[in-house]
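The values are calculated or read from the model by the stated rules, or taken from the named source; none is laboratory data. Please read these numbers as outputs of a predicted model, since none were measured by experiment. Here the Cβ positions follow ideal geometry from the backbone for every residue, glycine too, while neighbour counts run over all protein chains shown.
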Amino acid sequence: MNILCTICARKGSKGLKNKNFLKIYNKKLIFYSIDQAKEIKDIDDIIISTDLEIPKKELKKRDLKIFFKRNKNLSSDRAGKVPVIRDALLKAEYFYKKKYDIIIDLDVSSPLRKLHDIKKAIKMFLDSDSNNLITACKSRKNPYFNMVEIVNDKLCLVKKMKKKILRRQDARQVYDVNASIYIWKRNYLLKSNTIISNKTSLYEMPYNRSVDIDSKDDLKIVKLFLKNDKK
């Protein structure tokens, strides 16, 4: 079984400029994911999809053979993640001259993810009959209890249940997709743009490993958690 790890990092970002290449404690954000991928024995090859040049000395330091410059149409903020990963898969298969059975994507914006999260997610996926796997944490807000929307100029709950919900604990459990780890079977990734289906597995992570860096405030929170980890 051949397993490919994709790491996708474009230089642009509306919330935080060039966030994927920011330094956090003297280490660029992208290398948190790369270094984790290098530690997972199940992963055969790593491919980096980016629209920015990565210095050869940094690639050599981590024994990485190559990275691929992403096409312009896949580098805009409108480009979906699935087409980017699919493009990376096809380029990796062309370069390495082999097909991959499983594709794992490690999101660069999620440096709080642990090695055991990746290992457990892989095991869960391989032990299942799923087409793909996503990671998520328990939501801190609940659409059945304390999330509202405006419909026809009226305020109402996003979701309603027949039974009246008086406490959040009594509402259905919902999850925030944290985008930290994605896993696909090759054929499903190539033919589908759907991330969630009736054959999708969910690996649960706690909030303190699920913060996705998308703003300056997120960056502050991540730095705080990383600092606590170092201690």
Residue under question is Ile150, and the condition is that it be without any contact (Cβ under 8 Å) to a residue 24 or more places away in the chain, assigned to a loop (DSSP other than H, G, I, E, B) and not assigned by TED's automatic domain parsing to the domain that holds Lys19; does it hold? no
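A quick yes/no check of all residues on (1) modelled with pLDDT of 95 or more; (2) closer than 25 Å to Ala88 by Cα:
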| residue | (1), (2) |
| --- | --- |
| Val108 | no, yes |
| Pro111 | yes, yes |
| Lys114 | yes, yes |
| Asp117 | yes, yes |
| Ile122 | yes, yes |
| Ser130 | yes, yes |
| Cys137 | yes, no |
| Arg140 | no, no |
| Cys156 | no, no |
Output the residues belonging to the stretch 118-146 that are surrounded by 11 or more Cβ atoms within 10 Å (Cβ to Cβ), in a loop (DSSP other than H, G, I, E, B) and touching a residue at least 12 places away in the same chain (Cβ under 8 Å). Ser128, Ser130, Asn131, Ser139, Asn142, Pro143, Tyr144, Phe145, Asn146
Hits in the stretch 187-207 (condition: at pLDDT 95 or above and within 17 Å of the chain's Cα centre (by Cα)): Leu189, Thr200, Ser201, Leu202, Tyr203, Glu204, Met205, Pro206, Tyr207
Taking the stretch 162-176 as the search range and keeping residues that are surrounded by fewer than 13 Cβ atoms within 10 Å (Cβ to Cβ) and closer than 21 Å to Ala136 by Cβ, which one is modelled with the lowest pLDDT? Gln169
Any idea which of (1) within 26 Å of Trp184 (Cα to Cα); (2) touching a Leu at 6+ places or on another chain (Cβ under 7 Å); (3) of a type outside the set (S, T, N, Q) is the one Leu16 doesn't satisfy? (1)
Test result for Tyr182, surrounded by 15 or more Cβ atoms within 10 Å (Cβ to Cβ), closer than 30 Å to Ile3 by Cβ and either touching a Ser or Thr at 6+ places or on another chain (Cβ under 6 Å) or among the aromatic types (Phe, Trp, Tyr) (or both): yes
Given the structure, is Ile54 modelled with pLDDT of 70 or more, surrounded by 17 or more Cβ atoms within 10 Å (Cβ to Cβ) and assigned by TED's automatic domain parsing to the domain that holds Ile196? no
Considering the stretch 163-203 alone, what residues qualify as being within 19 Å of Ile104 (Cα to Cα) and of a type in the set (A, V, I, L, M)? Val177, Ala179, Ile181, Ile183, Leu189, Leu190, Ile195, Ile196, Leu202
